Amino acid sequence: MQSPLFSHTEQQSTDRYTVQNPQMLRVSLTGHDDVLARKGAMVAYQGLMEFDGEYQSHSQRNARRRTGEGLDLMRCSGQGTVYLANLAQYIHVVDVDHEGMTVDSAYVLALDSSLHTEVIAVDSQYGISGTGKYQLNISGTGKVALMTSGQPLMMQVTPEKYVNADADAIVAWSSGLRVQMQAQTHSSGVFRRRGDTGEGWELSFLGQGFALVQPSEVMPPQNAQIGQGAAAQFGMGQHGSHGQNQNNSWN
């Protein structure tokens with residue numbers, strides 16, 4: 001049998017994480033360190049592998065009910081190779097160091113089991129209860145595989161050059177950055193968009209670090225509710241990043 005398909009063979013690498021192609025991740029397991037992956041993200045595997053639902057602590061379950069933010073994970077263990085993907089999203093492997101990374105959980109494909117995750121809130125500049133954007137803070141030392149809709153833009157933030165990003169386009173940022181959520185409006189009605197531009201909530205980043213932005217204001221189609229409360233009611237950005245979703249080193 002002959003076909004151009006045979007050019008899409010396995011990537012040979014000794015690395016734990018290898019981007020098999022822009023939309024598929026290859027993870028090698030040796031039986032010592034497990035990897036946590038988004039539930040249902042396995043598309044193929046080789047070797048002696050096991051997949052189990054990851055336990056969530058009482059505090060994690062409470063945070064998920066209160067904010068809508070959190071990760072539904074499975075634990076991949078054993079010896080072999082597992083291939084992960086999610087609806088042909090573009091995949092990027094990021095090294096997390098002591099500074100940490102803040103990310104919307106909808107964009108996480110996989111992460112090292114040694115990393116710690118915690119739900120945090122981004123406050124509204126207007127101080128209105130419920131309008132803060134909840135995100136996931138990832139700390140420790142290890143790797144995280146992120147997903148984006150299209151090829152992203154990594155923007156550097158410095159004390160002299162701050163960055164503003166649409167709340168529906170931002171994927172992740174350095175946890176050390178100062179972040180403020182604000183409305184794209186000069187009117188007294190903070191929930192009204194600026195004229196007919198279609199722009200809504202944005203996040204402003206100050207300090208020293210990076211912000212990762214994707215070329216899309218639509219969340220990845222996870223078919224899951226991401227967020228509750230007033231933020232979902234009033235929406236953020238063009239589609240409301242807390243509403244229903246639509247059908248290399250990090251310093």
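The values are calculated or read from the model by the stated rules, or taken from the named source; none is laboratory data. Because the structure is predicted, anything quoted here is derived from the model rather than measured. Cβ: placed from backbone, ideal geometry, glycine included. Neighbour counts: every protein chain shown.
For every residue, the table says whether it meets (1) at pLDDT 90 or above; (2) closer than 16 Å to Asp112 by Cα; (3) in a helix (DSSP H, G or I).
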position	(1), (2), (3)
Met1	no, no, no
Ala37	yes, yes, no
Ala44	yes, no, no
Gly47	yes, no, no
Leu71	no, yes, no
Cys76	yes, yes, no
Ala88	yes, no, no
Worksheet item: Out of (1) among the β-branched types (Val, Ile, Thr); (2) surrounded by 21 or more Cβ atoms within 10 Å (Cβ to Cβ); (3) at pLDDT below 90; (4) part of a strand (DSSP E or B), what's the single condition that is false for Val144?
Response: (3)
Worksheet, complete the sentence: Contact list, first residue from the range 1-15 and within 18 Å of Val43 (Cβ to Cβ), second anywhere and part of a helix (DSSP H, G or I) and of a type in the set (Gly, Ala, Ser), beta-carbon distance below 7 Å, six or more apart or interchain, is none
Discussion item. Going by what's in this entry, would Val171 be described as assigned to a strand (DSSP E or B), in contact with a helix residue (DSSP H, G or I) (Cβ under 7 Å, 6 or more places away or on another chain) and modelled with pLDDT under 95?
Written reply: yes
Response to the item:
Subset of the range 147-162, residues surrounded by fewer than 20 Cβ atoms within 10 Å (Cβ to Cβ) and either part of a strand (DSSP E or B) or modelled with pLDDT under 90 (or both), comes to Leu153, Met154, Met155, Gln156, Thr158, Lys161, Tyr162
